[in-house]
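This report concerns only the one structure given below.
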Amino acid sequence: MHRIYRIILLGAPGAGKGTQAEKLSKKFNIPKISTGDSLRAEVAAGSDLGKEVKEIMNRGQLVPDDIILKLIRNRLKKPDCQRGYLLDGFPRTLQQAEAIEEEGIGIDFVIEINISDAEIIKRLSGRRVHPASGRIYHAIFNPPKVNNQDDETGEPLIQREDDKEETVRKRLEVYHQETEPLIQWYQNLARQKSSPQFVQVSGLGSVESICDEVIKAIQS
Ligand code: AP5
């Protein structure tokens, strides 16, 4: 029988969570659940929720906890989550982390990808994405096979609205204030209980070497 993996990827904007989530979800055959991708899909569809969150996201601020928690609860009810899941960009506030702990939403591993603010600014200015699939590229570090085209569909890549330098700086400020305290919180939780285990990996190095390190930590 396959082991079930329920994983949180924690880290600053641009740390490489989405990039690693893509690889890990294939490796462990579990769905990648990105709150950022789900919210961007709502914005693109012009739904009521999309209209409500668009400006918040473009300002680099966090969407209210109640909206995010509703989104996650609904997503985790889907049948594909029975074989595990990979949460990319959730939780990002203590309230979100406490809510899933209280609700008994199982988590086996919290993986923190650690990287400096300076490196993040370099990375996010070169990021390009394929909006329909969420596939992530970088103009220099992880280029598509054909310039500005998605490798699988050939469709054009775009730059995210919130990747402008000024917004990236705001997102980093919000990260340090709201999300970074979760590192300590999960480290404390790991000391008190056998799960989730807390693992820190450096976000510097090749995409493959970071992925190998995460897999090794999870399977050890
Ligand atoms: P979200 O989409 O989650 O954005 P984020 O957390 O800011 O993270 P990013 O997607 O920017 O970065 P990443 O760590 O995934 O890095 P990536 O792999 O792309 O959230 C967007 C917004 O939605 C938030 O600001 C907020 O408003 C809202 N939101 C979402 N979740 C929320 C929540 N839970 N609560 C409240 N609000 C929420 O990599 C970045 C770049 O680097 C890419 O170009 C990539 O190719 C490149 N790269 C990756 N790895 C490497 C490497 N090893 N070496 C060199 N380059 C690399």
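A full extension of the chain between Q200 and D212 corresponds to an added length of 3.0 nm, given 0.36 nm per residue minus the alpha carbon distance. Listed by chain and number, the lysines whose C-alpha is less than 21 Å from the C-alpha of K164, apart from same-chain residues fewer than 8 away, are K17, K51, K54, K122.
Each Lys and Arg Cβ is given +1 and each Asp and Glu Cβ -1; about its Cα centre, the range 104-196 then shows a dipole of about 140 debye. Centroid-to-centroid, using Cα positions, the range 26-45 and the range 78-125 are 12 Å apart. Counting only DSSP H runs of at least 4 residues, each contributing -39500 (n - 2.57), and dividing by the residue count of the chain, the helix-based mean residue ellipticity at 222 nm comes to -13500 deg cm²/dmol. Of the peptides 112-122, 11-21, 35-45, the order by per-residue mean of other Cβ atoms within 10 Å, starting with the highest, comes out as 11-21, 35-45, 112-122. Bridging of K23 to lysines at a Cα separation below 16 Å is possible for K32, K216, once same-chain residues fewer than 8 apart are set aside. Judged by the gyration tensor of its Cα atoms, with axes a ≥ b ≥ c, the range 167-220 is oblate; a/c meets the 1.5 cut and b/c is at least as large as a/b.
If neighbour count is taken as other Cβ atoms inside 10 Å, put R160, R92, R169 in order from fewest to most. Could you put the intermediate results ahead of the total?
Working: R160 18, R92 22, R169 14.
Ordered by Cβ neighbours within 10 Å, fewest first: R169, R160, R92.
Rounded is the label for the chain, because a/c, from the alpha-carbon gyration tensor with a ≥ b ≥ c as root eigenvalues, stays below 1.5. Here's the list of aspartates and glutamates a cross-link from K27 could span, going by alpha-carbon distance under 14 Å and ignoring same-chain residues fewer than 8 apart: E208, D212, E213.
For the range 10-55, what is the charge dipole size about the Cα centre, in debye to the nearest 20, if Lys and Arg each add +1 at the Cβ and Asp and Glu each add -1 at the Cβ?
With Lys and Arg at +1 and Asp and Glu at -1, about 360 debye.
Values quoted throughout were computed directly from the atomic coordinates according to the rules given, and no laboratory measurement underlies them. Quick caveat, the model's predicted, so the values are computed rather than measured. Glycine also receives a Cβ, built like all others from the backbone with ideal geometry; neighbour counts cover every protein chain displayed.
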